[in-house]
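Engineer: The structure that follows is given in the form of structure tokens.
The values are calculated or read from the model by the stated rules, or taken from the named source; none is laboratory data. Quick caveat: nothing in here was measured; it's all calculated off a predicted structure. Positions of Cβ are backbone-derived with ideal geometry, glycine not excepted, and every protein chain shown enters the neighbour counts.
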Amino acid sequence: MSGPSNGPAVAVIGGGIVGLATAAYLAEGGARVTLYEREAIASGASGRNSGVVQHPFDPALVPLYHETVAAYRRLAEIAPDGGFALPASSAGLLLVAHAAAVVEALAGHLRATVPELAIEVLAEAELRRLEPSIAEGVVAVRVPVAYPVVPAAPTYAWANRAERLGVAIRLGRSARPSAVAGRVTGVDVDGRHDPADAVVVAAGPWTAELADPSGRWRPIRPLWGVVVETLLASPPGHVIEEAAMDVALGTGAVAAAAGAAPEDPASSDVASTPETSLVTAGGATAVGSTFLEDEPDPPAWTEPILARAATFVPAVADAPIRETRACARPLAADGRPLVGRVPWVDGLLICSGHGPWGITTGPASARQVADLVLGRDAAIPAEFDPARFGAA
Ligand SMILES: Cc1cc2nc3c(=O)[nH]c(=O)nc-3n(C[C@H](O)[C@H](O)[C@H](O)COP(=O)(O)OP(=O)(O)OC[C@H]3O[C@@H](n4cnc5c(N)ncnc54)[C@H](O)[C@@H]3O)c2cc1C
């Protein structure tokens, strides 16, 4: 284990945004931290997402969002040359639909669940005045808070911070926790044992199988998304999301408007057709996305994604394509992250299950799990306790 201090030796598994932020917070608090990543920094969803830091619609996640925004601001202050700064002001979010009933239902739901947000319903003409790139016949709910970011940039910023604080980052190393008599002893890496006082698993959709090799405890599953990165000449200034995507984002209001029972992400039917999102940052527009149970073949989704998006922003149909990529959201069975100790091995903690919200909420839950390891009052809400899903 590396690092200058005499604090606890902690192994972190996973080099996505959650693992890297956890490692940085642990090192800041005096722990000696080694982080293991089996591929490369941000090789999972943390480097391939759509790139929006967005006010959540689940009230339980809202404090994580506010703390994460503050953490990003602080990161940029600490390392102004670090290559990442959250935009100074919000671009705003347009939740778009072809039917007025859908946006009315969604607006009503959002006003009731997140009353602190100024929610506006925009009719077609008003919407096209605000965003001339939008197609005729589209209506929207406007939500004021959404910050577009280059998708991998926040994760690299946390990697820089962790490295500067002395975290040893071991890339290309697949690790798994090891335990003796119900107490963690460290990690097994490529046939070698690296001792540690505590192990934090932040391995995205692969977290549950590392925490419980028996296969009984599986509250986190992968939900695959494909994103087509395009170069739109005149992209929308707002972040655009299809109102129907609120099902996947956990509000269920659109499903309710369509006559179906509101669903949580755990039980919702996974959409087999793309639901549009457009996020522009760093000169590129990420056009998404799918919500698939099985790992997709990305090129097969390029045309369906662009065709759906073009019904909202017609210019997408002819935009040059930079790449089509896939990644998996680590989706918890109740749509909320799992942050804290697992009940079956002492010294083994997890931080995962952020679903479609990890860039928005991951760093704050990383701070929580780090505080727990450091013996501080972590103030983790009971609704994030991994033990809510029982024991392995
Ligand atoms: C299409 C799409 C768009 C999204 N858009 C947004 C968005 O706009 N805003 C937002 O807030 N969120 C978004 N998300 C969600 C967000 O990307 C994720 O919640 C977040 O990146 C998860 O981060 P993580 O660190 O938990 O997992 P990951 O990024 O998956 O990182 C886990 C890492 O663990 C590594 N690993 C696994 N097993 C091992 C092992 N045994 N040893 C070592 N390393 C291991 C993996 O290689 C991986 O790098 C999106 C997700 C998708 C799929």
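Engineer: Just for the stretch 23-65: of the residues that are under 27 Å from GLY166 (Cα atoms) and away from the ligand (no atom under 14 Å from the Cβ), which one is surrounded by the most Cβ atoms within 10 Å (Cβ to Cβ)?
Structural biologist: If we take residues in the stretch 23-65 being under 27 Å from GLY166 (Cα atoms) and away from the ligand (no atom under 14 Å from the Cβ), then VAL33 is surrounded by the most Cβ atoms within 10 Å (Cβ to Cβ).
Engineer: Further, regarding this structure: Consider only pairs whose beta carbons are under 9 Å apart and that are at least six residues apart or on different chains; among these, list those whose first residue lies in the stretch 340-369 and is in a helix (DSSP H, G or I) and whose second residue is of a type in the set (Lys, Arg) and near the ligand (Cβ under 7 Å from one of its atoms).
Structural biologist: Cβ pairs passing all conditions: GLY355/ARG329; PRO356/ARG329; TRP357/ARG329; GLY358/ARG329.
Engineer: If you don't mind, there's one more thing I want to ask. Please list, ordered by first then second residue, the pairs with beta carbon atoms under 9 Å, 6 or more apart or interchain, first in the stretch 126-154 and in contact (Cβ under 8 Å) with a residue 40 or more places away in the chain, second charged (D, E, K, R) and assigned to a loop (DSSP other than H, G, I, E, B).
Structural biologist: Partner pairs satisfying both residue conditions: ALA140/GLU131.
Engineer: So, of the residues in the stretch 370-392 that are surrounded by fewer than 16 Cβ atoms within 10 Å (Cβ to Cβ) and in a helix (DSSP H, G or I), which turns out to be farthest from the ligand (Cβ to nearest atom)?
Structural biologist: The selected residue is ALA382.
Engineer: Go through the residues of the stretch 178-187 one by one and say whether even a single one is within 22 Å of the chain's Cα centre (by Cα) and touching a residue at least 40 places away in the same chain (Cβ under 8 Å).
Structural biologist: No, there is no match, as no residue in the stretch 178-187 is within 22 Å of the chain's Cα centre (by Cα) and touching a residue at least 40 places away in the same chain (Cβ under 8 Å).
Engineer: So, one more: Between residues in the stretch 22-41 that are aromatic (Phe, Trp, Tyr) and residues that are in a strand (DSSP E or B), which pairs lie under 8 Å by C-beta distance while being six or more apart or on different chains?
Structural biologist: Filtered contacts from the stretch 22-41: TYR36/ALA11; TYR36/VAL12; TYR36/ILE13; TYR36/ARG170; TYR36/ALA175; TYR36/VAL187; TYR36/VAL189.
Engineer: Right, here's the next one. Quick check on the stretch 220-233. Is at least one of its residues buried (at least 21 other Cβ atoms within 10 Å of the Cβ), part of a loop (DSSP other than H, G, I, E, B) and in contact (Cβ under 8 Å) with a residue 40 or more places away in the chain?
Structural biologist: No, the stretch 220-233 has no match at all.
Engineer: Of LEU338, LEU306, LEU331, which residue is at pLDDT 95 or above, surrounded by fewer than 22 Cβ atoms within 10 Å (Cβ to Cβ), hydrophobic (A, V, I, L, M, F, W, C) and touching a helix residue (DSSP H, G or I) at 6+ places or on another chain (Cβ under 7 Å)?
Structural biologist: On the way: LEU338 fails: surrounded by fewer than 22 Cβ atoms within 10 Å (Cβ to Cβ); LEU331 fails: surrounded by fewer than 22 Cβ atoms within 10 Å (Cβ to Cβ).
None of the others qualify; the one that does is LEU306.
Engineer: Residue by residue through the stretch 170-185, note down the ones that are of a type in the set (Gly, Ala, Ser) and in contact with a helix residue (DSSP H, G or I) (Cβ under 9 Å, 6 or more places away or on another chain).
Structural biologist: Answer for the stretch 170-185, where residues must be of a type in the set (Gly, Ala, Ser) and in contact with a helix residue (DSSP H, G or I) (Cβ under 9 Å, 6 or more places away or on another chain): just ALA175.
Engineer: For the stretch 171-193, name all the residues that are surrounded by 19 or more Cβ atoms within 10 Å (Cβ to Cβ) and under 23 Å from ALA42 (Cα atoms).
Structural biologist: Of everything in the stretch 171-193, those that are surrounded by 19 or more Cβ atoms within 10 Å (Cβ to Cβ) and under 23 Å from ALA42 (Cα atoms) turn out to be ARG173, ALA175, PRO177, VAL187, VAL189.
Engineer: List pairs: first residue in the stretch 95-107 and acidic (Asp, Glu), second residue in a strand (DSSP E or B) anywhere in the structure, Cβ distance under 6 angstrom, at least six positions apart or on different chains.
Structural biologist: Taking only residues 6 or more apart or on different chains, not a single pair turns up.
Engineer: Separate question: Only residues that are charged (D, E, K, R) and in a strand (DSSP E or B): list them for the stretch 176-210, please.
Structural biologist: Those that are charged (D, E, K, R) and in a strand (DSSP E or B): ARG176, ARG183, ASP188, ARG192, ASP194.
Engineer: Just to check your reading of the model, which residue among ALA244, ALA266 is of a type outside the set (Phe, Trp, Tyr), modelled with pLDDT under 95 and more than 30 Å from ALA370 (Cβ to Cβ)?
Structural biologist: Answer to the selection: ALA244.
Engineer: Quick one: is VAL103 crowded, with 20+ Cβ neighbours inside 10 Å, of a type outside the set (Lys, Arg), over 21 Å from the mean Cα position of the chain (by Cα) and under 16 Å from ILE240 (Cβ atoms)?
Structural biologist: yes
Engineer: Give the residues of the stretch 143-164 that are over 22 Å from SER43 (Cα atoms) and surrounded by fewer than 23 Cβ atoms within 10 Å (Cβ to Cβ), sorted by residue number.
Structural biologist: Matches in the stretch 143-164: PRO144, VAL145, ALA146.
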